[in-house]
Amino acid sequence: MPADNIPAAASDEPLALYVHWPFCVSKCPYCDFNSHVREQVDQQRWRDALLADLAHEAALLPGCRLGSIFFGGGTPSLMPPSTVAAIIDAATTAWTPGGDVEITLEANPSSVEAARFADLAAAGVNRVSLGLQALDDTALAFLGRAHDVREGLGALDVAQAAFARVSIDLIYARPDQPLAAWEAELARALAFGTEHLSLYQLTIEPGTRFATEAAAGRLTIPDGDAAADLFDLTRAMTAAAGRPAYEISNHARPGAESRHNLAYWRYRDYAGIGPGAHGRRHRLASVRRRKPENWLAAVDRNAHGIESEEPLAPETRAAEALLMGLRLAEGVDLARVAARTGLTIDALIDADAVAALPGLIAREGDRLTVSEAGMILLDAILPRVVKVG
C-alpha cells in the first residue's frame, strides 16, 4: 500500500495535538492571531467544550501515538490548571503516549500568570514558551505588552524553576532599532541559558492597529538591507552560542527543537481543537469556528466545533509540504513528498530554477535545502522553485 494511503492510526509518525485558548487580557497592536478580550469566561463551560471537541477528534483518529500537545492562543497561561490537567489526561487516555510527550504552553511573563506556573507544571506541562518579546521597557510599551522588563525576567526565573524546558520569544526589527542595540539585547537573552529562542522580525499584519498606523505613515519598520543585517546578526550570534537556527525564526540547542512545531514543518498529521484551530487528518484539512461564542454554540449543537472539512488535492498537499519544509535548515525529502502525494519529483520542483540559484538553494539526491544566505530571501525563492500549488 502506498504511504499516501496509510491512515494516521497506522502510521508510525506521532500525532500532534493543538489546543487553542482564545482569551487575552488585552490585544497587542501587532497581533493578528485569533485572540479576544472578554470580561468574563465561564470556565466550566469552556473546559467541557474543549473536552468534547477533543473527544470528537479522538474518535476520528483512533489508535494514534501521541507525540506532543501545544496549548496556544490567546494566552493559555490564563487557563485554570485544572482544565489543562483535564485536557492532558483526556489526550493521553484517548491516544497512546509516545514516550516522553512534549507538552508546551504559551505564557505571558506577568507575575499573575507566573504564580500559576508550579500548578501548570503539576498538571503535566513540561515546556513553556514565554512571550518576553523585548528586553527594553520602551519597546515593550510600543508593542502593547502589559509587563515591563523586571516583571518579565522575574517570570522567566519562575519558569526556569518550574519547567524542564523553557523557550523565550523576542521581536526584533522594530522601528529605528539600531544593529548594536539588537546585538546587546540578543546577547543578554542568550545569557539566560534557555534551550530555545523564537526570534521574529516585526511584520505589519493586515487588520492590526500597527497596520492602521503604517498606512497613515506613522509607523515604519526596517526593510531591505537593514532587515537583512539584523537577520544575519541573529543567526550568527545564536549559532555561536550553540543555539543555531533550525527553522527560519527558531533557534535551539541540538535536540531541544520544538517537537510539536516540527510536526507542522515536516507536514505530519495534527489535530486542532478550540476556536479557529486547524488540523490535518487523513488528507483532510479541518477548521474550527473562529469566534469563541460561535465555536461554543457549535460544540453545544454538534459535540464539536468544526466549521469545515475539505479534502486536500495531491498538488495542495505537496505545495504545503514544500512551503513548510523549506523553512527548516534540514530542508525537504522530495522522495517522501512524492511518495505521499503520488506526484513525481519533477512535478514538485523546477530543477532549472534550483540550478539558477546557486548558493541560495541546493539539491543533493532527494534532499532540497535552502542555504543560510537563501533564508532571508525565502519568500522570493519559493515561487520560483515550487511548481505545485
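The values are calculated or read from the model by the stated rules, or taken from the named source; none is laboratory data. Here the structure is a predicted model, which is why all the values come from computation and not from measurement. Reconstructed Cβ throughout: ideal geometry from the backbone, glycine too, with neighbour counts over all protein chains shown. Heads up: the accessible areas ignore ligands, DNA and RNA and are worked out on the full protein's heavy atoms, side chains in. Shrake-Rupley method; radii C 1.70, N 1.55, O 1.52, S 1.80 Å.
At an R0 of 30 angstrom, the distance between the Cβ atoms of Glu330 and Ala226 translates into a FRET efficiency of 0.55.
Just the accessible area per residue of the chain, please: how many Å² with a 1.4 Å probe?
On the way: 16600 Å² over 389 residues.
I get 43 Å² per residue for the chain.
Among the trypsin sites (Lys or Arg not before Pro) found in the range 143-242, those both in a DSSP coil and sparsely packed, with 11 or fewer other Cβ atoms within 10 Å of their Cβ, are Arg218. Once the convex hull of all Cα atoms in the range 83-137 is built, its volume per residue stands at 85 Å³.
Of the whole protein surface, Thr93 contributes about 100 Å² of accessible area at a 1.4 Å probe radius. In the chain, the calculated helix contribution to ellipticity at 222 nm averages -11500 deg cm²/dmol per residue, counting -39,500 (n - 2.57) for every DSSP H run with n ≥ 4. Charge dipole of the chain (Cα centre as origin; +1 on each Lys and Arg Cβ, -1 on each Asp and Glu Cβ, all else neutral): 620 debye, rounded to the nearest 20.
Ordered from largest to smallest accessible area (heavy atoms of protein chains, 1.4 Å probe), the residues Thr104, Thr212 come out as Thr212, Thr104.
Using the Cα coordinates of the range 33-184, the gyration tensor eigenvalues translate into equivalent-ellipsoid semi-axes of 32, 17, 15 Å, sorted from longest to shortest. Estimated at 0.36 nm per residue, the fully extended path between Glu372 and Ala339 surpasses their Cα-Cα distance by 9.1 nm.
Taking loop as defined by DSSP and a crowding limit of 16 other beta carbons within 10 Å, which trypsin sites (Lys or Arg not before Pro) in the range 35-134 fit? Working shown, then result.
On the way: sites: Arg38, Arg45, Arg47, Arg65, Arg116, Arg127; in loops: Arg38, Arg116.
Sparse-neighbourhood loop trypsin sites (Lys or Arg not before Pro): Arg38.
Tally the DSSP beta bridges in the chain and give the antiparallel ones as a percent, rounded to 5. Around 40 percent antiparallel, to the nearest 5.
Scanning the chain for cysteines with no neighbouring cysteine C-beta under 4.7 angstrom from their C-beta gives Cys24, Cys64.
What is the diffusion coefficient of the range 254-389 in µm²/s, taking the Kirkwood radius over Cα pairs and the Stokes-Einstein relation at 37 °C with a viscosity of 0.692 mPa s?
Approximately 200 µm²/s, per Stokes-Einstein.
Run a plain Debye calculation on the range 152-281 (Cα atoms as equal point scatterers, no solvent) and give log10 I(q)/I(0) at q = 0.09, 0.20, 0.21 Å⁻¹, rounded to two decimals, same order as the q list. Those come out to -0.34, -1.22, -1.24, one per q.
Using alpha carbons only, how many angstrom separate the centre of the range 354-383 from the centre of the range 95-109? If we compute the Cα centre of each part, the gap is 33 Å.
On the basis of the beta-carbon distance and an R0 of 51 Å, Gln44 and Ala239 show a calculated FRET efficiency of 0.60. Overall, the accessible surface of the range 22-152 at a probe of 1.4 angstrom is composed of carbon and sulfur to the extent of 53 percent.
Distance from the C-alpha centroid of the range 30-60 to that of the range 124-171: 24 Å, rounded to the whole angstrom.
Across the range 348-389, the convex hull enclosing all Cα atoms gives 65 Å³ per residue.
Quick one: longest stretch of the chain between exposed loop GluC sites (Glu not before Pro), exposed meaning at most 16 other C-beta atoms within 10 Å and loop per DSSP? Here the longest segment lacking exposed loop sites spans 40-329.
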